[in-house]
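For reference, the structure discussed in these notes is given below.
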Amino acid sequence: MNARRFVTKRSEDAPYVRRHKPDYQIVLYMGLLMLLGLVVMYAIGPQRANVLNNVFGTDNYDSMYFFMKQILSLGIAVGVFLIVTLVIPFRLFLRYSGKIVMIGFIASALLLLFGNILHVNEIAQCSLGACRWFNIGPFGLQPAELLKFGVLIFSAGFLGTRAKQGLINDWSRTLAPMSLLVGSALVAIVVIQKDMGTGITLGAMVATMLFIAGLSYRFGFALLGVSLAIGTLFIISAPHRMERVLTYFNGDNHSVDVAGDYHIAHAKMAIGSGGLFGVGIGNSIEATGYLPEAVNDSVFAIMGETFGFVGLIAILAIFTGLLLRLLRISDNLVDMRERIVVGGVFGWLAAHVILNIGAMTGLVPLTGITLPLLSFGGTSMVFIAAALGLAFQLSRYTVFGSKIKDDEYENSQRRRGVGRPRYSSRRRSA
Amino acid sequence: MALRKGSRSKLLAVFVLGMMLLFSVRLFQLQILQHDEYVQRSAAEQIRPLTIPAKRGLIYALDGSTPVPLVINQTVYTMFADPVMVTDPDKIVDVINRVAKDNLQPNPEALLSIKNSRYQILGKKLTRRQAEEIKKENLQGVGFQAVTERVYPEGKLAAQTLGFVNAEGLGQYGIEAQYNDALTGKDGLLKSVTDVSGVPLTIGNRNIHKPAKNGDTIVLTIDRNIQSYTEKALVRGLKKAGATNGSVIVIDPQSGKVMAMANFPTYDPANFGHVKSAAVYNNPIIDEPYEPGSDIKTFTVAVGIDKGVILPNSTYNNQDFIKVDDWVIRNATRGHTGNITMQTALNYSLNTGMVTIVERLGDGSHINLQARNTMYGYFHDRFGFGKLTGIELPNEQPGIVIPPTDVQGNAVRYSNMSFGQGMDLTMVQVASAFSTLVNGGVYYTPTIYGGLLHEDGTFMQAPVKQPKTGIITPKTSKLVHKMIHDARAKFYATEDKAGYDIGGKTGTSQTLENGRYVDNQTVATYLGYGGDTMPRYVIMVQASGKGLNLQGNLHALPIFTDISNWLIDYLKLQPKR
């Protein structure tokens, strides 16, 4: 492989930008979050293991189970992050994005086949008629996350190209195909796998990408309206979703005795009882079985109990830093596909963070989604690491300091005349 | 298409910052402003008071001087099913029939098919091993509950003395009732943060721990071997006599300690519900006063000697009847008329002799107030007849001794009392007072409470109760002791082991039915002692039965003899040379 080509040309037709130092703040925030997640797993893992052993009447879960598994998950996530950052250039992702989407759909179809039709529990992991995972060794693989990642890459390529062509707001050439793609993905995720949370984050991710790509406000509001209508339909059609929304509208008048209120009531009890500085590591009581999904979706509440207001504000700050950093990278990239893909990563992450924390604090209805990098392991973490790896990789090609309109990049000949150092970072040019 | 750089990403940044600000405000509200409220809400759910049940104390008897258990605790398991959760009733029935057939409730198949119930007891009193074996089968919908129950290693031994513990955990009858509070102990309290299934956690400083104080383990004065032999001897003797009811008390005349208390019929405290009548729970020795009959003559003689109105060889003229006011009292044994000694009167159990003694307590020919006062002073005040002895058992009855000041306490009444009729006494009263007659005149309050057994195994004996000396003078006691010995030796010397000091007196008492003495029902009593250089045991035997004429010498005495001869060996008494 031609090293120079690899380094300088991210994709065949991307504008030339000299490679510079990546944005290490991404790694810093990631590392902090992963470390915090690990600390919490270490602290509440024993309680959690105890609860599971009680429930199943076994002693399969030892006190280090969650800690060790989280280390393994983090290892895999870091590995994926490094591979995406160092080994696979974005253009390769772009080239195979269609295939990734296809694999996502095929995996979803296989899940449907093994889970909902053949009921092979050894392969497909189902509960209450919703099959969301494949069992692969000690881990589960969630096709919805793969699909989401595929849609991210594919949409970035597609929308980026259309944006360059100035056809973003063209219904038949841009929006209709996008709607078909996203609609199919949502059918697979929300209707078949009954995973509203992942569906919403996928929707939010695509919406962000469209927004960054320059979707007109007219179409934007129209799409928003249609999505809200369809979303409402989904909520009304499923009693447990309806219950969650009703719980939400109950405000703070929760009772732990009402089944629908139980989860959110305990989340707030955990956060509220944490106070200013929290009860300290290992002293969480809500994690001993009161708060459902303590290591997964509810980890924010457990952290609130453990680290208090100060700790949660710190976590909010880290997430804010990471999200703003992603926006900044997106903003400073010159190629539309790259801008859109990092914007998608931002949307993906932001949707997870806002919906999860909003649910735990009782500000938005409960949807079962994870808090990125903090929640216990799994597919979600691996794909978020991959997405962040992509953003990190692309952070080497940002340009700073000039307000250049999009269309100016279209003619690479013109840009070549401007000269190289102008677009790379000032520090490097010195 | 002229989208300016940063315009839209700034909007997104503002949105993110806005959301984070909203979250921060919300967290401030939850964690700072409403912190106390949420702490309270969590505590209300997380902190649970748990009682640490105190273990009920055990009941021990003695084996010689070593405490041995009569009542212990055992954890057994109640097996229940939640028919709603049951998936494989056939397998459940299979397994439980194989493992715990004898513990099952009738027709478990039917119990399992009661689908509108969530709790059906399938079996009771399963051992730990049985419960574990069934648990291993992983039967869906079957559970166990640990229950502590009383176990009686000696079976029915001393059932009335022990009593039992009812389903509510309350001691009923006997020692279990008398010492219920001490045996129960005091439950501890654990106020603890618990996990969701109620298991206490060691998190935080909100835990309160008051340990349970286990119940005391009580050691009785009852000797297991004496009790056991006495019960067997009683059953044997009653069977031979054809009697249906009987009781025996064995007491140590040198201390008042009860060595055995046996009643028939009896019951199994482990299955206390399986009785025809609750009357078997009672202990007639302390709660069923009766007219003890001629054995009381030993006391009358003692009063006469102690007051100096007779000596064993004092004579009186026996005509086989004697008139008291307008009432004629006759002897049961006839023919020993003429001038005879008081010893002869006691030997042949002659009522006339006893009436004569009471007359001599007065003016010599009438049972006047002075005579009656004297006799009441001895019988009631000194010997404790008609009074509670204070033995450590519930429901003791005082019986009735009518005082001379009462209209009923006339001369006829007191003449009857001199030979054991016309007053209701309990066996424990009579046996305790009888000890006084033969031990030198000291009254020991009868006691069954031997002390406490500490958890480290040390036996702390109960403090000795202050004995009452001078009930009768030692000299009187010596004379009466000899008279009682002679009264037995006259007829039954050959039945006793040679070289020991055995004495006793029969009693055959008429019984009252609806306030009238009836002829067809008598109660047989034997009251005696045994010993070497001094009396070592007092045994009182009573045998009765509805519509049975039972004789003291024929039906009660053999039981005394049986126990007495065995006791001499058991107590390793040294024969006189």
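The values are calculated or read from the model by the stated rules, or taken from the named source; none is laboratory data. Note that the structure is predicted; figures quoted are calculated from it, not measured. Methodologically, a virtual Cβ is constructed for each residue, glycine included, from the backbone with ideal geometry; neighbour enumeration extends over all protein chains shown.
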Matching residues, segment B:1-60, being within 30 Å of residue B:149 (Cβ to Cβ) and in contact with a helix residue (DSSP H, G or I) (Cβ under 6 Å, 6 or more places away or on another chain): B:56, B:57, B:59
Yes/no for residue B:111 being touching a helix residue (DSSP H, G or I) at 6+ places or on another chain (Cβ under 7 Å) and either of a type outside the set (Phe, Trp, Tyr) or within 22 Å of residue B:215 (Cβ to Cβ) (or both): no
Selection count where residues are in a helix (DSSP H, G or I), farther than 21 Å from residue A:35 by Cα and within 14 Å of chain B (Cβ to nearest Cβ), scope segment A:377-400: 0
Extreme residue, farthest from residue B:291 (Cα to Cα), among residues of segment B:405-452 that are of a type in the set (Val, Ile, Thr) and over 22 Å from the mean Cα position of the chain (by Cα): B:442
Among residues of segment A:294-312, those that are under 15 Å from residue A:361 (Cα atoms) and in contact (Cβ under 8 Å) with a residue 60 or more places away in the chain, counted: 7
Number of positions in segment B:208-239 that are within 17 Å of residue B:565 (Cβ to Cβ) and of a type in the set (D, E, K, R): 4
Restricting segment B:75-84 to residues that are within 43 Å of the chain's Cα centre (by Cα) and among the aliphatic types (A, V, I, L, M), the residue that is surrounded by the fewest Cβ atoms within 10 Å (Cβ to Cβ): B:76
Helices (runs of 4 or more DSSP H) contained entirely in segment A:157-276, each with at least 3 residues that are closer than 21 Å to residue A:100 by Cα and either within 11 Å of chain B (Cβ to nearest Cβ) or in contact with a helix residue (DSSP H, G or I) (Cβ under 8 Å, 6 or more places away or on another chain) (or both): A:176-186, A:196-213
Which numbered condition residue B:440 fails, given (1) within 30 Å of residue B:182 (Cα to Cα); (2) part of a loop (DSSP other than H, G, I, E, B): (1)
Odd one out for residue B:253 among (1) out of contact with any helix residue (DSSP H, G or I) (no Cβ under 7 Å at 6 or more places or on another chain); (2) closer than 24 Å to residue B:570 by Cβ; (3) in a loop (DSSP other than H, G, I, E, B): (1)
Some residue of segment B:516-536 being in a helix (DSSP H, G or I) and either within 28 Å of the chain's Cα centre (by Cα) or crowded, with 20+ Cβ neighbours inside 10 Å (or both): no
From B:29, B:40, residue being more than 8 Å from chain A (Cβ to nearest Cβ), in a helix (DSSP H, G or I) and under 30 Å from residue B:210 (Cα atoms): B:40
Condition check for residue B:24: part of a helix (DSSP H, G or I), within 14 Å of another protein chain (Cβ to nearest Cβ), surrounded by 19 or more Cβ atoms within 10 Å (Cβ to Cβ) and without any contact (Cβ under 8 Å) to a residue 24 or more places away in the chain: no
Of all residues in segment B:204-227 being closer than 13 Å to residue B:52 by Cβ and aliphatic (A, V, I, L, M), the one that is modelled with the lowest pLDDT: B:208
So residue B:447, is it touching a residue at least 24 places away in the same chain (Cβ under 8 Å) and buried (at least 16 other Cβ atoms within 10 Å of the Cβ): yes
From A:363, A:374, A:323, residue being outside any helix (DSSP H, G or I) and at the interface with chain B (Cβ under 9 Å from one of its Cβ atoms): A:363
Pick from segment B:85-125, criterion among the hydroxyl-bearing types (Ser, Thr, Tyr) and over 19 Å from residue B:136 (Cα atoms), ranking: nearest to the chain's Cα centre (by Cα): B:119
Residues satisfying the stated conditions in segment B:111-125, i.e. at pLDDT 85 or above and among the small types (Gly, Ala, Ser): B:123
Scope segment B:265-281; condition crowded, with 17+ Cβ neighbours inside 10 Å and part of a loop (DSSP other than H, G, I, E, B); matching residues: B:266, B:267, B:272
Failed item, numbered, when residue B:60 is tested on (1) in contact with a Pro (Cβ under 6 Å, 6 or more places away or on another chain); (2) not in a strand (DSSP E or B): (2)
Qualifying residue in segment B:388-395 (condition: among the hydroxyl-bearing types (Ser, Thr, Tyr), on the phi > 0 side of the Ramachandran plot and either in a loop (DSSP other than H, G, I, E, B) or within 35 Å of the chain's Cα centre (by Cα) (or both)): no
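Scan segment B:45-60 and give yes if some residue there is at the interface with another protein chain (Cβ under 7 Å from one of its Cβ atoms) and out of contact with any strand residue (DSSP E or B) (no Cβ under 8 Å at 6 or more places or on another chain), otherwise no.
yes
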Residues of segment B:137-160 satisfying the condition of being surrounded by 15 or more Cβ atoms within 10 Å (Cβ to Cβ), of a type in the set (A, V, I, L, M) and more than 30 Å from residue B:225 (Cα to Cα): B:139, B:142
Single unsatisfied condition, residue A:121 versus (1) in a strand (DSSP E or B); (2) free of Cβ contacts under 8 Å to residues at least 60 places away in the same chain: (1)
All positions within segment B:403-414 that are closer than 18 Å to residue B:354 by Cα and either part of a loop (DSSP other than H, G, I, E, B) or polar (S, T, N, Q) (or both): B:404, B:409, B:410
